[in-house]
Amino acid sequence: MPKVSICIPAYKNPDGIKRLLESVFSQLYTDYEVIVSDDTRDDSVKCAINQVQAATGRVRYYRSASPDGAALNWNRAVSYAEGEYIKIMHHDDWFTDEKSLGKLASLLDDAPDADLAFSGTRQVNVVDMQVIKDRSISKADEDLIRSDWRNLYLGNTIGAPSVSLVRKSAADRINLAYDNNLTWLVDEDYYMQLLSNGAKFVSTGEPLISIGLSKGQLTEKVRDNEELNIKEQIYVFRKYHLADQEGDNDDLHRCSDYLLKSLAANHLPASELPTGLGINDIGARYKRAVGEEKIAEKKRKSDTRHYLASKAWRIIDDPIDRIEEKLGKVADSIDDKLAPIRAKLQKPGEIAFWLGLTIELILVIWDKSNSIVPYTGWFFRVTFVLFLIKVLSERLPKPELALFIFAAALGVIDWRISGKNEILRAVVMIAAFRGEDLTRTLKYIFRVTLAGCLLLALLAVTGVFGDVYLIQNFDGTGDDLRYCFGMGNPNAMMCMAAMLIILGLYIWDNRMKWYSYVLLAVFDVILYGLGKSIAAAGVIALALIMSAAFHYSKHIRECDIVYRITGIIFAAALVFLVAAAAFGNQIPIIAWLDSHVMTGRVASLWDSTFYEGTLATWRWFSTRESGYYFDLGWLRLVYWYGVVPALFIIMFVYEWLRSIRQRRDHAAYMMVSCLVLYTVIEAHLVSIYLGRSIELPLFAAYIPYILGDYNESEQ
């Protein structure tokens, strides 16, 4: 039986594995075995092991049947150990020199009454292999843990798992294991299990282990995750009944005070403090902790600003800092004030959301009929209030809350200047979508819209209400018969069909069959024959082609350049639209495209009485007189609401496309691409009726990704 079992839980990082194994095989102390438990789905780690160990065969290699995540993989690696001592080593770390393992083993050899040994560490930047600093437990911290093991809750002063060596008999006696409920505090909890069962420890400050630091590590990714930190601090506090440490002596309040300070540092509202913690005077003590944290946070921000100023970024950075700080303060203030309201609005908020969404969808169907919607302002006020109730019932993460505050402020400014409230209403509607199941919401929108369109068609066909077809001079070439099936005009009918097909392709992407695409393609041809809208028929064809290509080709789904095409085309389209607004058909290429592809849409701008939509009518924020209806949706967006709101919306569209590309979300890419490019020609989505905007729920779902809240690795 070997003396030391070196257990390596591996997950990707073949370069780190090679570096670690090379340090293991260079050890002068040779009474060890090496165990690798691989949680990677490919052979990269296995190949790295084979390259290092060559013919020695000293590594016992195991691969999990399915990916289990960090803690389970750590436990699996340890479960194969046969040695007297268990030495876990993570693939980011390695032995500092050839004597490290021997020195660590001698700590337990020389202290038979100890079950845990650990050393100091050398922290190294793995990008350039530069030493950052050496770290070891201080004498004061060591005495603190010896006096009471629960003081380890105040911070993991022992270090990363790689610094430790554990006597296997002690681990087996207490069924020692890494807690799968934890991510950030998993190593601290491991040591607390040992020490809480009477284990003694020995240590050395010598840096026997080198800790590799990089931005891609799981530790770095979860360090600032406030929700995770709150959850795990409470979990460990309860697991070890740390409130039992409380007494009359202030020194015995350490763990409780530390928990409260941690919760305050992670911005947990006082109204959401968990019950049953057993902490005396928890309300008053938490209020004090929050106050202290606010002072400390102000100091940290102040120190950061001074540091940045010294780096010659003052001109750029100071305004940004002030905006972020003010938005953060506003978000904190609003969040604190809303906390008592949220609990009372959970059920009413849900009801209000679905009622508001239903009204918005009905208004779209009503608008598409031959009837004019009366009292639109009152309807919009009602749905705005309903969505606002839903927003007040949800607790948004701080970055999202700050974003919505900014967007709402922009909407209010635009409303007061231009008299149009659609941006403000859209912001509140998007915020209301947060927390709702995306698929459920989109299916509801699809079904209500489809039912409304079919009802209009039925009423028209039966002669009850509306026209089945119209005979008009649609394109200036003479009277023509085109079908509209109860909707205002043929273009409206085909536009609604395009929205339903695009939405359906997104919702049922995984269930599409080859014959589904064929039937929809035939339906598109029939639609074009009935309504003769090139734009709508074209966007349906584009959606079918993109959906089918992604569905049947993995290479296309994974190809990075494919996800960049829409952004490139959109940029070119924006340049085209600006040129059209500035010069119209004076530019030959614009004149040709307008007559052969865009059916005179550009010419219609310059034929209007006051040249609405052209460059001369653009303002930073629009005016109350800018209410002319025309196609070319992105131009209408600028004309109706102003250059500033349009620039922000375009910026978010590009951030949305970037997030979709990073996630390789092909169904979302199809839907967003079709709607973005369709709006270049049509203005269906630039409307006072928000129910037309089928993309808003998807955008709401993508906000955390756009803000970078979901950067965790697969692990």
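Summary of computed values
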| read-out | value |
| --- | --- |
| Subset of region 54-76 that is closer than 28 Å to VAL124 by Cβ and among the basic types (Lys, Arg) - its residue that is modelled with the lowest pLDDT | ARG58 |
| Matching residues in region 77-114 - criterion: being under 43 Å from the mean Cα position of the chain (by Cα), closer than 17 Å to LYS3 by Cα and in a loop (DSSP other than H, G, I, E, B) | TYR80, ALA81, GLU82, MET89 |
| Residue match in region 501-510 (condition: within 40 Å of the chain's Cα centre (by Cα), of a type in the set (Ser, Thr, Tyr) and either farther than 22 Å from ASP594 by Cβ or modelled with pLDDT of 90 or more (or both)) | yes |
| In region 82-124, the residues that are surrounded by 24 or more Cβ atoms within 10 Å (Cβ to Cβ) and among the basic types (Lys, Arg) | LYS87 |
| Subset of region 474-530 [touching a residue at least 24 places away in the same chain (Cβ under 8 Å), of a type in the set (Gly, Ala, Ser) and more than 18 Å from LEU450 (Cα to Cα)] | GLY476 |
| Which numbered condition ALA171 misses (of (1) assigned to a helix (DSSP H, G or I); (2) under 38 Å from the mean Cα position of the chain (by Cα)) | (2) |
| Every residue from region 137-162 that is within 28 Å of ASN175 (Cα to Cα), of a type outside the set (Val, Ile, Thr) and over 35 Å from the mean Cα position of the chain (by Cα) | ASP141, GLU142, ASP143, LEU144, ARG146, SER147, ASP148, TRP149, ARG150, ASN151 |
| Subset of region 139-161 (residues that are in contact with a helix residue (DSSP H, G or I) (Cβ under 9 Å, 6 or more places away or on another chain) and of a type outside the set (A, V, I, L, M, F, W, C)) | ASP141, ASP148, ARG150, ASN151, TYR153, GLY155, ASN156, THR157, GLY159, PRO161 |
| Test: SER162 is within 21 Å of LYS87 (Cα to Cα), touching a residue at least 40 places away in the same chain (Cβ under 8 Å) and surrounded by fewer than 16 Cβ atoms within 10 Å (Cβ to Cβ) | no |
| Out of ILE315, ILE320, ILE351, ILE295, sole residue that is over 30 Å from ALA492 (Cα atoms), modelled with pLDDT of 90 or more and of a type outside the set (Gly, Ala, Ser) | ILE351 |
| Condition broken by ALA71, with the remaining ones in (1) part of a helix (DSSP H, G or I); (2) surrounded by fewer than 19 Cβ atoms within 10 Å (Cβ to Cβ) satisfied | (2) |
| Tally, over region 599-613, of residues that are in contact with a helix residue (DSSP H, G or I) (Cβ under 6 Å, 6 or more places away or on another chain) and among the hydroxyl-bearing types (Ser, Thr, Tyr) | 0 |
| Matching option when the condition is modelled with pLDDT of 90 or more and surrounded by 22 or more Cβ atoms within 10 Å (Cβ to Cβ), among SER37, SER79 | SER37 |
| Neighbours by Cβ (under 6 Å, 6+ apart or cross-chain): first from region 696-715, assigned to a loop (DSSP other than H, G, I, E, B); second small (Gly, Ala, Ser) and at pLDDT below 90 | GLN715/ALA70 |
| Qualifying residue in region 536-546 (condition: over 36 Å from the mean Cα position of the chain (by Cα), in a helix (DSSP H, G or I) and either β-branched (Val, Ile, Thr) or within 30 Å of VAL468 (Cβ to Cβ) (or both)) | no |
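The values are calculated or read from the model by the stated rules, or taken from the named source; none is laboratory data. Keep in mind that what you see is a predicted model, and the values were worked out from it rather than measured. Ideal geometry is used to build each Cβ from the backbone, glycine not excepted, and the neighbour counts take in all protein chains shown.
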